[in-house]
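J.: This is the structure I want to talk about, given as structure tokens.
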Amino acid sequence: MITYMRLGKIPPKPHVTFYEDGKLLMEQCHTREGFEGSYSILYFKTPPTDENAVERLAIPGFCPFEPLNEQLLYRRHIKTQNIAVKGDFLDARRVLVFNSDVNISMVKPTEKSTRFFSNGDGEDLYFVYKGTGRFETQFGVLPFRERDYVLIPRGTPYRLHWDGPNPELLVFEGRGFIDIPKEFRNRAGQITDYAPFCNRDFRAPETLLTYSEANHGKAPFKLVVKREDQLTVHLHKHFPIDVVGWDGSVYPVAFNIHDYTPRMGAVHLPPTTHITFAGNAFVVCSFVPRKVDYYDRDGVKAIPCPYGHASVHMDEILFYVDGNFTSRRGIESGSISLHPAGIPHGPHPGTYEKSIGHDRTSELAVMCDTYKQLKLTTFGHDLEDKDYHLTWVARESGGADAPGAR
Ligand SMILES: [Fe+2]
């Protein structure tokens, strides 16, 4: 999704004969926006159409999920720390908030899976909260580590796999698209020199996926496909990801949040400064440890703590990962705050003043701003700290690392 690449064996041109061991390989074009957008071309030993049954599947809480009936405009705090769902990377996935552009889920898989998943509704952008492992995809194997973003293009068969402790991941399902912001690309598609990341920061699969019975089980092989919030299971007689090579511009990438190069100013810059990915009517931003605003002239100093704001066009969620969150009462690593459009929010009382003179913040957080209202699912609602809305009232608060509060 970043630039053209190739992996494995491919013929000299698309749409020509290409054999392996005397057998004609099956070319498969993975195209976007019909045939107008970016694409990749893969070569399969066994055609990916080789399937012999389709079954219905429902995973309540993921697909379908249950919207909350009534949602008053509270500032909300969702405690993902309390999620205790068992299952593989699909059974354990739970949608917390959603709108027609993006679903935001958490998945803490407890079981390995032999099934693969293809999301026909949009891109899956993972943020690895805990753990290491690998995404096994039709474009190859993409290892991940803690604090990685992993962007899986729409319609890519993949599974999440790991060897050590169970991982925990936040997932943005972008219904239209998810990409790096277009303003960070030059006319040639290269990432510009003034972007907060560079081409070198993005990792792509380096090895093709190879089948092993111990790892992937026996036939029938299951590929779960999501489209229009309906899951179907496609049963294959042969391992469906039997690729000898591919080339193109569509493939999964990984990017570690610590490779994000933060920007700071003489006075406070708005959160959009931290943009990392853009989707259809939403953005994902990265807040990483950094120096903070430094204006200091004639006794007038920058206030590093963000100003209060009522972002009247956008809902905002913040996933708190690491650092000191004492500026937000009750917030801990793994918490998600939801601040709805039109309702003022900002630092808790006391933290604004205490931030003056600070020169660093250690916060690590992921933010998502959306134009359409983010609605809660009943699962997300059950995880809520119901007192959060009123925690701005009255008593003093604040800690040594206050500048990070959004
Ligand atoms: Fe905010």
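The values are calculated or read from the model by the stated rules, or taken from the named source; none is laboratory data. The structure displayed is predicted, hence computed values, not measured ones. Positions of Cβ are generated from backbone atoms using ideal geometry, with glycine treated the same way; all protein chains shown enter the neighbour counts.
J.: Among residues belonging to region 309-332 that are touching a residue at least 40 places away in the same chain (Cβ under 8 Å) and among the small types (Gly, Ala, Ser), point out the one that is farthest from Tyr129 (Cα to Cα).
T.: Result: Ser311.
J.: Would you point out the residue of region 222-249, among those that are outside any loop (DSSP other than H, G, I, E, B) and of a type in the set (Gly, Ala, Ser), that is farthest from the chain's Cα centre (by Cα)?
T.: The selected residue is Gly245.
J.: Within region 260-278, does at least one residue satisfy the condition of being touching a Leu at 6+ places or on another chain (Cβ under 8 Å) and more than 16 Å from the ligand (Cβ to nearest atom)?
T.: Yes, there is a match, as at least one residue in region 260-278 is touching a Leu at 6+ places or on another chain (Cβ under 8 Å) and more than 16 Å from the ligand (Cβ to nearest atom).
J.: For region 92-115: of the residues being farther than 20 Å from Asn215 by Cα and of a type in the set (Ser, Thr, Tyr), which is surrounded by the fewest Cβ atoms within 10 Å (Cβ to Cβ)?
T.: Ser100
J.: Condition first: in a loop (DSSP other than H, G, I, E, B) and either hydroxyl-bearing (Ser, Thr, Tyr) or under 24 Å from the mean Cα position of the chain (by Cα) (or both). Now tell me which residues in region 1-32 satisfy that.
T.: If the condition is that a residue be in a loop (DSSP other than H, G, I, E, B) and either hydroxyl-bearing (Ser, Thr, Tyr) or under 24 Å from the mean Cα position of the chain (by Cα) (or both), then Met1, Ile2, Thr3, Tyr4, Thr17, Arg32 are the ones that fit.
J.: Restricting to region 313-355, what's the tally of residues that are within 11 Å of the ligand (Cβ to nearest atom), among the small types (Gly, Ala, Ser) and farther than 19 Å from Gln81 by Cα?
T.: Of the residues in region 313-355, 2 are within 11 Å of the ligand (Cβ to nearest atom), among the small types (Gly, Ala, Ser) and farther than 19 Å from Gln81 by Cα.
J.: Looking at Phe89, is it in contact (Cβ under 8 Å) with a residue 60 or more places away in the chain, touching a Phe, Trp or Tyr at 6+ places or on another chain (Cβ under 9 Å) and buried (at least 16 other Cβ atoms within 10 Å of the Cβ)?
T.: When the stated conditions are applied, Phe89 passes them.
J.: Could you tell me which residue of region 125-136 is surrounded by the most Cβ atoms within 10 Å (Cβ to Cβ), considering only residues that are over 20 Å from Ile78 (Cβ atoms) and touching a residue at least 40 places away in the same chain (Cβ under 8 Å)?
T.: Looking at the filtered set, the residue picked out is Phe135.
J.: Kindly indicate whether any position in region 248-265 is at pLDDT 95 or above, of a type in the set (Phe, Trp, Tyr) and closer than 30 Å to Val16 by Cα.
T.: For region 248-265, residues at pLDDT 95 or above, of a type in the set (Phe, Trp, Tyr) and closer than 30 Å to Val16 by Cα: present.
J.: Looking at region 58-86 only, could you name the residues that are polar (S, T, N, Q) and either surrounded by fewer than 16 Cβ atoms within 10 Å (Cβ to Cβ) or closer than 12 Å to Thr377 by Cα (or both)?
T.: Asn69, Gln71, Gln81, Asn82
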